[in-house]
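J.: Structure provided below as structure tokens; questions to follow.
No lab work stands behind these numbers, since they all come straight from the coordinates. Small disclaimer: the values here were computed from a predicted structure and weren't measured. Neighbour counts run over all protein chains shown; Cβ positions are idealised from the backbone, glycine included.
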Amino acid sequence: MDFWPEFLASSWGREFVAGGIGGIAGIVAGYPLDTIRIRQQHSNKGGSAPTIFRHVVSKEGPLALYRGMAAPLASVTFQNAMVFQIYAILSRAFDNDVSVTDPPSYRGVYLGGVGTGAIQSLLLSPVELVKIRLQLQRNISSTNIHRGPVDLARSILKTEGLRGMYRGLMITVLRDAPAHGVYFWTYEYMREQLHPGCRKNGQESFRTMLFAGGLAGVASWVSCYPLDVIKTRFQAQNSAKYTGIVDCFRQSVKEEGYRVLWRGLGTAVARAFVVNGAIFTAYETALRCLYTNNSPATMQTENAM
């Protein structure tokens, strides 16, 4: 009976809930653009985002833009909570000489982000593999179509084993570790530039949250985009077309040129701004509400009642 109030009264509990809310907001806001990005990256014919959007909607219906969303949505609460918790711990661990009343240094922020990205890849890699393969399904009348993430996961485990579920883990780590360092560094730097003093007092405006979060997402995606293209192509294949990450890179560049490594960047950047602006705005707003509603004074009033 008392679990939920006690859970929200703890710093860990509030971070968990706020992280989950932020993650859900980000996925819902940016998933259609993510589907378009994945199709651009996987296609060997190119195609602009508006062209792919019109094709998907006309041939498969608007709901096709949300195909595969259940997989990341189901894991996003835990994943985002883990990301923010690990980041908070690691950014402080790299800054032992900084007072707990002061925000971590930018060095601690970057190194904490790198460690966070590497660790969270263990959870994210199989989720993204399932998501990518569902997003690339086109012929909804095919007998080989998978009706959802659970059905597809079972099929992968049956045909490729547990190793198949973690196909692309190494490149996910290589993508996410430095990208998360850039992500958190850019967010902390930009929020301070847009609203001086907010890193310490936490009083930034919604506009600051939105723009700092959006720019952080754009910076992180630009820094890792070629790796993301190779990851998408490698994870999308359930056959032996590519023997490894390097082979996937070589074949892709040989067949389509180096431009293939940046295919879909415009869509990814637009999505990154929307998604990460939503994530940080929802996260910071939820955290404020939870801290206000579960402050010692509030808790004492509720207990008295």
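J.: For segment 22-128, what class follows from the C-alpha gyration tensor (a ≥ b ≥ c being the square roots of its eigenvalues): rounded when a/c is under 1.5, otherwise prolate if a/b is larger than b/c, else oblate?
T.: It comes out prolate by the Cα gyration axes.
J.: Could you compute the FRET efficiency for THR51 and TRP262, with r as their C-beta to C-beta distance and R0 at 22 Å, rounded to 0.05?
T.: 0.80
J.: Next up: Dipole of the chain, Cα-centred, from +1 at each Lys and Arg C-beta and -1 at each Asp and Glu C-beta, to the nearest 20 debye?
T.: In total the dipole reaches around 1500 debye.
J.: Lysines within cross-link reach of LYS241: Cα-Cα under 22 Å, excluding same-chain residues under 8 positions apart?
T.: LYS45, LYS131, LYS158, LYS231, LYS254
J.: Extension gain ASP151-ALA93, at 0.36 nm per residue separation less the Cα-Cα distance, in nm?
T.: Value of the extension gain: 16.8 nm.
J.: Related question: Which stretch or stretches of segment 103-122 have amide N atoms under 17 Å from the point lying 7 Å from LEU162's Cα along the Cα→Cβ direction?
T.: 122
J.: Now a separate question. Express the relative contact order of the chain as a whole percentage, based on alpha carbon pairs under 8 Å and six or more residues apart in sequence.
T.: That works out to 26 percent.
J.: Arrange the following residues from fewest to most other Cβ atoms within 10 Å of their Cβ: VAL127, VAL246.
T.: VAL246, VAL127
J.: Taking the structure as given and computing log10 I(q)/I(0) by the Debye sum over Cα atoms at q = 0.06, 0.07, 0.08, 0.15 Å⁻¹, which label from [x] -0.22, -0.30, -0.39, -1.22; [y] -0.29, -0.38, -0.49, -1.28; [z] -0.22, -0.30, -0.39, -1.08 fits?
T.: Here the calculated entry is [x].
J.: Right, next: Determine the calculated [θ] at 222 nm for the chain from helices alone, applying -39500 (n - 2.57) to every DSSP H run no shorter than 4 residues and normalising by the residue count; nearest 500 deg cm²/dmol.
T.: -26000 deg cm²/dmol
J.: Just how far, in whole angstrom, is segment 225-270 from segment 61-116 if you go by their alpha carbon centroids?
T.: The two parts, judged by their Cα centres, are 26 Å apart.
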